[in-house]
Each structure stands twice: as structure tokens, then as C-alpha cells.
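Below is one structure, written out as C-alpha cells, with a few remarks after it.
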Amino acid sequence: MTFFGIILLILGLITLIMRPLLSDEDKFTEDKDGQTIKTASKAPALLLMFTRRVSMAILISGATLITLPNLFFWAEPGYQYFLVYPSGKKSAIMTEGIKFRGFAKITPWQKFIDVKVVNPGDDTDDIEGQMEPIPIRFIDQVTATTKLSTRFQLPADKESFIELAIEFRSLQNLAQNTLIPTVREVVSNTGYMFAAQDYISGSASDFRVSIEEQLKDGAFSVEKTEYRDTVITAIEQGDREIKEVQTRYEVNKRKDENGQFIRIPHDINENNIIVAQVIVDDVVLEQVFKQRLEAQRDESAKRQLEQQKIKTAKDAQARIIAEGERDKAAERVTQEKEQVKALISIETKLKQEETNKKLAAIALETERLKATAQKVKADAESYQNAKLVSAGLTPQQQAELQKQIAIGVAQQVAKIKFPTTMIISGGEDGGTPLEALIGAAMTKQLTSASKGGN
């Protein structure tokens, strides 16, 4: 725009100066001899169109084009601008769009600055601060190199940004002289707060957080304490023990009277630069420590394998014992079952014998009642016959009557069925064993007499 403005300004000046010299028509004069001589020719139509008004318009347009960029400018997104006016006044533009500059000198600053450890062959076009891997030493004297990526944001308020722009003058000065040295110092100091063994055991996130906190609010003031612990390890399969002295370190952050951590400020937080992002890409430990870790891993694997074998053997022993106890319990249960069967069989026989006794007693009582009934009937018939005899029966009638009585008694006795085996118990109601034997003998005689009569 300025270039075209200068061209228009030059063109306007030329046409404005040259316009009076141009003739709108041919001019003639007469010489001494009276001849007409052409003294001026008419200017070309192209030149004649540049009138004074047109030349002034071109001149003003050129001046406007030259002046306009010094009055306004386009603020791009992602940038903020430091302005110095001809009067010496300083200002800052923090937002994007068309802004009034008023002939001020403008210095653009990127809002975000990337400071990163780069490897050979990486794309570094958009990285303002390029670093080499940062060497660190952990508290247990293990060395390593750290690769990280950080992003910083310039102060968001005008006053802090103006002070920053005046102090560092350019973005490269800020990145190379403040951001990179501060990041390297903070990372190096953070290494002394951690042990390499702890770092690989799960403190990697704490390591990154500690770097971020110190970049934002200042480095911690710390004190280191060393401890020597005696570790006693019992050996399996015996009463022997191994004593080992282990050295450990403890880092404590110092606190002030109010219980707040003591901070050591640095240029990043003093200039109100915002830490937007911290990423620890990698921590490469020294080769000796890696070899030691591999040896510890192998020893740990062997120890775990041996312990697993011991556990397997113990489990096998416990399994054998458990199986023996199981078999013993099964055998005990089997024998107890046999004993229970035998006892149940004996008890069943006893109950059967008891039942048989009761049935025999009932049968005997039944037969006794039947015999008594028969005896009473026979006594009644005998009494009747005696009465008839006493009433005057003839001897022949008496003999016939006795015969009929004997036959009837024999028939009735023959119908009686006695048990082959009888158990007779004495008692108040049942009579004595002697009475039972006499009754049996009488029954036998009656049976024999009955058979002889027939």
C-alpha cells in the first residue's frame, strides 16, 4: 500500500508541475518577414486530462495511501503488539482486528512461546526455544538426561507486557536468555528432590508436577536428610537371616513461619509469564543404573521362582495331607456306617423278638380264654346231664349221654391249635407254670379218650 501511495504521490506532483507547461491548442506568431510561425504545439490528450484538480486528487490519494498504514494496522490472532509513539508514549495491543496506531512503531510478540528439547532431524520451524537434553542427577547419585516440552504465555495485562517488551526487546532474547536457562535450572534442581529408584517405581507424575509448580511459583527451598537402615531378611528353609544396610534419602521442603513453602523466585514468575503446559517426554537413565535394574529384575525373578517352587511344594504337601485326612474321614464314616447298620440290625431283631413275645402272650391268653369257655360249657353240659340222670334216666340213656358228652368235648378240644413254641410267664392273672402243665396234661388225656371212643 505504501509503495502504491508513493507512486501516486510522485505522479500527482509531476502532473501538477507539468500542467502549466502544457498547451491546450497550437500557438502561432509572425516573424519580421510577416510569416506565421508555430511557436507551441497542442499537448497530447492523455496529458491534457491531468488537470489541476485531477493532479491534486492523485496527490491526495498517494499521500493517503502512504499515511494510512501508519494510522491503522491489522492485529493478527495469536499475537500481541508493543507500540512506541513518536511522542515516546508506550502502549500495547492485546486483541486482534483493525487497530489505530497513530504513527507508532510496532513490535509484534507471539502470545505463546514453545521451549522444547529437540532431537536431530525434528521439525523446528514453530519452536522458538530449542534445547538439548537436560542432564540431571537424582538424589541417589544416578545421572540421567531429561527431554521435555514446555509452553509459556506472555503476560495478559498491558502493564506487565510493556515492562517485558522493554526489558527483553525481542522474543528471541526472552526465549534464549530467560526461558531456556530457567527451565534447565528448575529441571536440574528437581532431580535432587527424587531418587531414581522412586522415579521408576511410580513417582514420574510427581516429578512432572514438581517441575510445573516450580516454573509457575518459584523453586522450592529444600533440605536433604540421609538415613542408613539395616534390613534383616529371613532365609526360607532355616533360621538364618541376612542383614543388609540400605541408604535412603529424604528431601523436605522448607516452610516459613506461616507454614507456607519457601519459594525462590525466578524471571518467569517475576515477569508474570504464564506456564501453560509442561510435558516430560522422557527421562533417559544412565546405562549402569539400567544394568543394575536388569540384574535386580533377574534376581527378583529368580527369587520369585524359588518362592513359587517352595509354595508349590508346600501346597503339594498340604494337598497330600488333606487327601490323607479325607481318606481317613471317609474310612471312618464307612466304618461308622457299618456299625450303625449292625446296631440297627440288632435293634431290629430285639424289637422283633419283643414283638414275638407280645404276640405269643396274646395268642396264649386267647387260647386260655377259649379253653376256659370250653370248660365252662362242658361243666354246664355235665351239670345238665347230672340233673337229667338224677331225674331218673336209665343206665342206657346215661351211657349214651356220657358218650355224646365225651364226643362233644373231644371235638371241641380237637379244634384247639396250640403254638409249637410257647413262653409262659407267671403272674397274678395268668397262673403258675405248674397249672399250665396240668392243663396241658388234661387236654392230652381228653384227646386220647376222644380217639379211643371213636
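The values are calculated or read from the model by the stated rules, or taken from the named source; none is laboratory data. The shown structure was predicted, so the numbers you read here are calculated from the model rather than taken from an experiment. Cβ: placed from backbone, ideal geometry, glycine included. Neighbour counts: every protein chain shown. Heavy atoms of the whole protein, side chains included, go into the accessibility calculation; ligands, DNA and RNA do not. Shrake-Rupley method; radii C 1.70, N 1.55, O 1.52, S 1.80 Å.
The residue pairs whose first member lies in region 374-391 and is over 14 Å from Gln404 (Cβ atoms), whose second member is modelled with pLDDT under 75 and surrounded by 10 or more Cβ atoms within 10 Å (Cβ to Cβ), and whose beta carbons are closer than 8 Å, counting only pairs six or more residues apart or on different chains, are Gln374/Val409; Gln374/Gln412; Gln374/Val413; Gln374/Ile416.
Answer yes if at least one residue in region 181-200 is under 30 Å from Ser91 (Cα atoms) and in contact (Cβ under 8 Å) with a residue 40 or more places away in the chain, and no otherwise. Within region 181-200, one or more residues are under 30 Å from Ser91 (Cα atoms) and in contact (Cβ under 8 Å) with a residue 40 or more places away in the chain. Against the criterion of being under 18 Å from Ser210 (Cβ atoms) and modelled with pLDDT under 90, Thr150 does not qualify.
In region 46-64, the count of residues that are under 30 Å from Ala156 (Cα atoms) and at pLDDT 75 or above is zero.
Hey, Gln277 hits all of (1) open to solvent by less than 60 Å² (accessible area, probe 1.4 Å); (2) in contact (Cβ under 8 Å) with a residue 60 or more places away in the chain but one; which does it fall short on? The failed condition is (1). Of the numbered criteria (1) under 24 Å from Ile268 (Cα atoms); (2) among the charged types (D, E, K, R); (3) not in a loop (DSSP other than H, G, I, E, B), the one Lys99 fails is (1). Across region 212-231, the number of residues qualifying as free of Cβ contacts under 8 Å to residues at least 24 places away in the same chain and in a helix (DSSP H, G or I) comes to 1. The number of residues in region 259-310 being under 30 Å from Ile162 (Cα atoms) and under 29 Å from the mean Cα position of the chain (by Cα) comes to 3. Lys415 meets the conditions (1) open to solvent by less than 70 Å² (accessible area, probe 1.4 Å); (2) at pLDDT below 75 in every case but one. The failed one is (1).
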